[in-house]
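The values are calculated or read from the model by the stated rules, or taken from the named source; none is laboratory data. All values derive from a computational prediction rather than experimental measurement. Positions of Cβ are generated from backbone atoms using ideal geometry, with glycine treated the same way; all protein chains shown enter the neighbour counts. Heavy atoms of the whole protein, side chains included, go into the accessibility calculation; ligands, DNA and RNA do not. Shrake-Rupley method; radii C 1.70, N 1.55, O 1.52, S 1.80 Å.
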Amino acid sequence: MTLNPLRWFENRPIRVKLLFGFGVILLLMLIQNMFNYLIYTTTEQARQTLLAAQDEATMAYEISAQFQNARGVMADASIAFILEGLDTAVAYYNGSQTHGQVALEMIDNLASGESELGDTGDAEKRAALAALRANVIDYDSTIGLLRDAAAARGDSESRLGGDVVAPLREINEVFDAEAALTWVERYTNSVSQSAVLEIPKAFTNLQNDIEASDLSDDEKARLKDLLNQSRTAFSVLLQNDFGLFEKLDKMNTLSQSLIDQINDYVADRKAEQAEALEKQEDAQARRERYLPVMVGITLLVSILLAIELSRRITSPVRSLTETASQIANGNYDLRVENTTGDEVGRLGASFNVMVEAIAQREAELLKQTHELRIATAKAREAARVRREFLANVSHELRTPLNAILGFSDGLLMEMYGALNEKQLHKTRRLRENGIRLLALVDDILDLTRIESRRIELRPAPFSPGHLVDRMKQQMKSLADEKSLTLDTHLDPNLPDSLIGDEQRIEQVVVNLLSNAFKFTDQGSVSLAARAQPEQNTWLIEVKDTGIGIPPHAKDIIFEEFRQVDGSSTRARKGSGLGLAITRNLVRLMNGHIGVESDLGRGSTFTVTLPLITSINESEMTVGTSPELDSAGAVDGG
Ligand code: ADP
């Protein structure tokens with residue numbers, strides 16, 4: 001199994017993808033900062049080196065100054081030696097040594113890192129400082145020797161000089177040694193070069209003179225001994241003086257080499273300084289060159305990463321949304337393509353499952369709808385056939401029924417001869433049943449006409465007050481017959497004139513009142529007309545204190561041929577069409593009918609009709625077809 005990293009990444013949750021993006025950006029920023037830091041440290045190192053080299057150079061200058069001073073002191077000492085004698089020169093030598101001591105201390109400081117520079121670094125530098133130091137020590141010790149030699153020398157009156165002069169003075173007391181004495185004194189006091197050459201000759205002449213003199217042999221021997229003492233002392237003095245000159249010469253060379261050395265050291269430090277400066281500038285330049293590139297790369301990668309990540313995250317969501325909206329438009333064959341392992345992918349997969357289920361249900365629904373349509377069409381057709389059948393049958397029944405009624409009227413009027421009591425009774429029953437049958441046939445005809453919209457409403461102005469009064473009069477005999485009271489009420493808020501098909505409204509009221517009287521044995525029946533201006537409607541309310549309607553029957557009584565079953569109803573006769581006709585008429589007038597009832601206590605039927613006061617309004621509210629009701633009735637029955 002090979003692992004495809006891109007595929008692997010796609011299957012990670014969005015959280016991981018985002019973390020990855022941030023991680024890459026952070027890493028880049030880290031690299032950038034490290035680079036920055038590296039350059040910074042290089043610059044800082046170069047700066048430190050620069051400072052150190054500067055300080056060292058300054059110190060080296062100071063050391064150099066010490067030696068320049070020492071050299072000056074030496075020169076002074078030489079002059080003092082000639083002009084003021086050796087003691088003063090010795091003092092100068094001591095001064096020169098002080099300068100050497102100070103320089104030595106400074107070098108030691110520089111080498112040991114005790115100066116503020118810290119450890120001054122590389123081996124080469126250390127070696128240079130060590131050589132310098134050795135040289136200074138050499139210089140110091142030479143100065144010491146020089147000083148000792150100078151101190152040992154003295155002049156014609158003291159120390160080595162005195163040793164040379166004193167024996168000659170003793171000789172001079174008894175024998176003329178003036179020539180030698182003069183040269184020796186000159187030399188011991190001022191180191192005269194000519195004296196150096198003349199003194200050996202003077203010593204030889206003096207010896208010869210003593211030999212040739214007429215002095216006693218003892219005296220000659222004593223004087224020669226004194227002369228030898230002076231000679232020996234002179235050779236010691238000469239040696240000392242040679243050493244002195246030699247050392248003076250060495251001092252000069254040493255001083256010069258020290259100064260050269262220090263100058264070299266300073267030059268080295270200067271070179272170091274220049275190098276450090278170059279390094280610093282280099283680092284700075286690199287920083288200026290590469291930093292924008294680094295920042296640019298970081299920015300570019302961040303932007304690209306952000307775009308790519310957001311594309312990876314949002315584009316599946318967008319395609320999911322697009323697919324969803326297309327599916328919502330009914331394209332159930334579509335499926336979400338992205339089903340990667342992240343959240344959106346999983347959402348897509350679940351979405352596909354859901355679409356599958358919806359598509360199945362949709363197909364089922366379509367099938368059902370199709371079946372339903374066929375059933376509805378069949379039902380409509382059946383209703384139409386039934387209506388036609390009923391209309392035809394009723395029509396066909398009316399003619400023979402009218403004939404039967406006519407014949408029974410003729411029989412009762414004894415147009416075909418006299419009838420006995422029993423015949424009269426049966427003929428009356430025949431007529432009564434004929435009339436009931438005719439009423440039933442009329443009702444059926446009426447219902448079929450309303451259902452097939454073969455009746456037309458004729459809206460016209462009418463007075464609701466007159467309607468109520470007329471009803472009261474019309475029902476009076478029925479009320480009297482059953483010893484019931486009939487109360488009427490007319491809402492004063494109701495307009496005097498309303499627009500409507502008065503004849504049809506009357507038919508509705510008659511139906512309701514007839515039922516009220518039919519199903520009430522004691523108490524009262526009331527008829528009320530009320531206005532409902534807020535709803536723009538008016539009400540006709542028929543209330544009775546009769547047998548009432550059980551809750552389960554409240555809806556079915558409005559269907560054709562449906563009655564609340566039971567002996568009481570059956571005892572009261574009826575076809576079960578009255579309320580069906582009433583409801584269809586009310587609907588035709590854009591109203592509705594409802595019933596409230598308390599079983600055993602009475603019922604209230606309420607018809608709500610639109611409140612129309614001008615003909616123009618009535619035109620806007622044309623009655624709707626009660627066709628569906630007939631279909632419903634078919635369903636129900
Ligand atoms: P019919 O009265 O000819 O039977 P209707 O359609 O007028 O037919 O009424 C249907 C049934 O509704 C009645 O048979 C009766 O059971 C019930 N009904 C109607 N009006 C009332 C009423 N006022 N009180 C009690 N029952 C009623």
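Observations on the model:
- Distant-in-sequence amide H partners of LEU599 (H built 1.01 Å from N, under 5 Å): ILE549
- Between ALA134 and THR41, the distance separating the two model label sites (each 7 Å from Cα on the Cα→Cβ line) works out to 3.7 nm.
- Rg [Å, one decimal], Dmax [Å, integer] - the range 291-341, C-alpha atoms: 17.4, 57
- Candidate cross-link partners of LYS367 among the lysines, defined by an alpha-carbon separation under 30 Å and a same-chain spacing of 8 or more, comprise LYS378.
- One Cα centroid belongs to the range 15-84, the other to the range 482-512; the line between them spans 119 Å.
- Accessible surface of TRP183 - all protein chains present, 1.4 Å probe, nearest 10 Å²: 60
- Take LYS482: with every protein chain present and a 1.4 Å probe, its accessible area is about 60 Å².
- For the range 1-63, with all protein chains in place and a probe radius of 1.4 Å, 70% of the accessible heavy-atom surface sits on carbon or sulfur.
- Rg and Dmax [Cα atoms of the range 201-246; Å; Rg one decimal, Dmax integer]: 13.5, 44
- 19 Å reach of a label modelled at GLU124, 7 Å along Cα-to-Cβ, counting backbone N of the range 247-270: 260-270
- THR488 long-range amide H proximity, modeled H, under 5 Å: LEU527
- Amide hydrogen proximity for GLY500: with H placed 1.01 Å from N in the peptide plane, the residues at 5 or more positions away or on another chain lying under 5 Å are ALA460, PHE462.
- Here's the picture: a label point sits 7 Å out from the Cα of GLN326 along the beta-carbon direction, and within the range 335-357 the residues with their amide nitrogen under 11 Å of it are 335-337.
- Inter-centroid distance (Cα atoms) of the range 310-343 relative to the range 142-206, Å: 125
- Percent breakdown of C-alpha pair distances by 10 Å bin, ordered from the shortest bin, for the chain: 3, 9, 10, 8, 6, 5, 5, 5, 4, 4, 4, 4, 4, 4, 4, 4, 4, 4, 3, 2, 1, 1, 0, 0, 0
- Available extension along the chain between SER614 and LEU19 is 206.7 nm, counting 0.36 nm per residue and deducting the alpha carbon span.
- Only one residue of THR58, ASN228, ILE435 has its Cα farthest out toward the positive end of the dipole of the chain, where Lys and Arg carry +1 and Asp and Glu -1 on Cβ, and that residue is ILE435.
- Karplus-derived 3J(HN,Hα) values for the range 544-558, using 6.51 cos²θ - 1.76 cosθ + 1.60 with θ = phi - 60°, are 9, 10, x, 6, x, 10, x, x, 5, 9, 4, 8, 6, 5, 7 Hz; glycine and proline are entered as x.
- In the full protein context, the chain carries 57 Å² of accessible surface per residue, based on a 1.4 Å probe and ignoring ligands, DNA and RNA.
- Cβ charges +1 (Lys, Arg) and -1 (Asp, Glu), total dipole of the range 22-178, debye: 820
- Of all beta bridges that DSSP places with both ends in the chain, some 80 percent have antiparallel geometry.
- Kyte-Doolittle mean at least 0.0, axial Cα span of 27 Å or more - DSSP H helices of the chain: 14-83, 123-153
- Förster radius 35 Å - calculated FRET efficiency between ASP176 and GLU84 (Cβ-Cβ, nearest 0.05): 0.60
- In the range 280-434, the convex hull through the Cα atoms has an average projected area of 20.3 nm², a quarter of its surface area.
- The label point for TRP8 and the one for LEU26, both projected 7 Å from the Cα toward the Cβ, are 2.1 nm apart.
- In the range 473-541, the alpha-carbon atoms span a convex hull of 98 Å³ per residue.
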